[in-house]
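These notes are about the structure you will find just below.
The values are calculated or read from the model by the stated rules, or taken from the named source; none is laboratory data. These numbers come from a predicted model, not from an experiment. FYI the Cβ positions are ideal-geometry reconstructions off the backbone, even for glycines, and counts take in every protein chain you see.
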Amino acid sequence: MTTASHPAREPIHIAALAERNGWRAEPCGTSANGVPIVAWWPARTPTRVVWAAIHGEESSTLLLAQQLLRVVHAEDACAVVVPVLNPDGVLLGTRQNARGVDLNRNFPVATWSPAPSPTFWPSAMTRRSEFRNQLSSPGHAPGSEPETQAIMALVERVQPELVVDLHAPLDCIIAVSDQAAALAPHFAEPAGLPVVRGLAGPTPGDCASWCEEQGATAVTYEVELGTFPQLWQRHRNALERCIVEQRDLPARAS
């Protein structure tokens, strides 16, 4: 009696699946602990940059970014995608990088402050100001962190019209400029997200403000708390719009 043969199974890995879809991986920097930060490039000249997991505790965002690379072909994409901007924070389970810096408070804009930055603990269910008591360093100087420098260099290289920064768990899209506010409903509509113009607390040295200063419209896409299958089901169409659709952006004020 012979045993039926079975075809060899191919390994299922993000790199293999993304490359099969035509995406090209290229390191764009390293973390404070020396972990490579990988950018995935589409087949055509990009006009957008999308990144996730700038905060290591928001690991659901990296899963969403990786899944986009699995289901969207590079020929159809218009964005460079960085699934994990803060690999040290993801590995450590912390908001901050390995130096204790909140990378989204480290960008060289006029609002940057040397004072410790208060944020919520991941376990905070009630998001009121009195619970905003997790303190992070903003870095010893604006743009001091290697992860910040990596994404700044990538944005300066691509010169994108639009950047999308994936976060959790606020369940909204944040638009800091008039241009972002005009565009945000296009991404918010498929997932039923509200669009807000800012947060209740200050965000000195944030990446959206820096990107706007570079001439890129900046959208902060905040998913809610949930399991990955739930998040993907709700946000897939909206996130695909972030990396696929070429769309005329609102004119920027001169």
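Some observations on this one:
To keep it simple, each residue is scored yes or no on (1) at pLDDT 95 or above; (2) touching a Phe, Trp or Tyr at 6+ places or on another chain (Cβ under 9 Å); (3) surrounded by 15 or more Cβ atoms within 10 Å (Cβ to Cβ).
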position	(1), (2), (3)
GLN96	yes, no, yes
PRO114	yes, no, no
PHE120	no, yes, yes
SER129	no, no, no
LEU162	yes, no, yes
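- A single member of GLU147, GLU156 is surrounded by fewer than 17 Cβ atoms within 10 Å (Cβ to Cβ), of a type outside the set (Val, Ile, Thr) and farther than 25 Å from GLY226 by Cβ, and it is GLU156.
- Of the residues making up region 22-60, those that are crowded, with 20+ Cβ neighbours inside 10 Å and of a type in the set (S, T, N, Q) are SER31, SER60.
- Complete set of residues in region 61-87 that are touching a Phe, Trp or Tyr at 6+ places or on another chain (Cβ under 6 Å), within 25 Å of ALA124 (Cα to Cα) and buried (at least 24 other Cβ atoms within 10 Å of the Cβ): LEU85
- Of all positions in region 180-194, none carries a residue that is surrounded by fewer than 18 Cβ atoms within 10 Å (Cβ to Cβ), under 28 Å from LEU135 (Cβ atoms) and either in contact with a His (Cβ under 8 Å, 6 or more places away or on another chain) or not β-branched (Val, Ile, Thr) (or both).
- Test: ALA53 is at positive phi and either free of Cβ contacts under 8 Å to residues at least 40 places away in the same chain or outside any helix (DSSP H, G or I) (or both): yes
- Within region 198-229, the residues that satisfy the criterion of being closer than 16 Å to TRP51 by Cβ and aliphatic (A, V, I, L, M) are ALA208, ALA216, ALA218, VAL219, VAL223.
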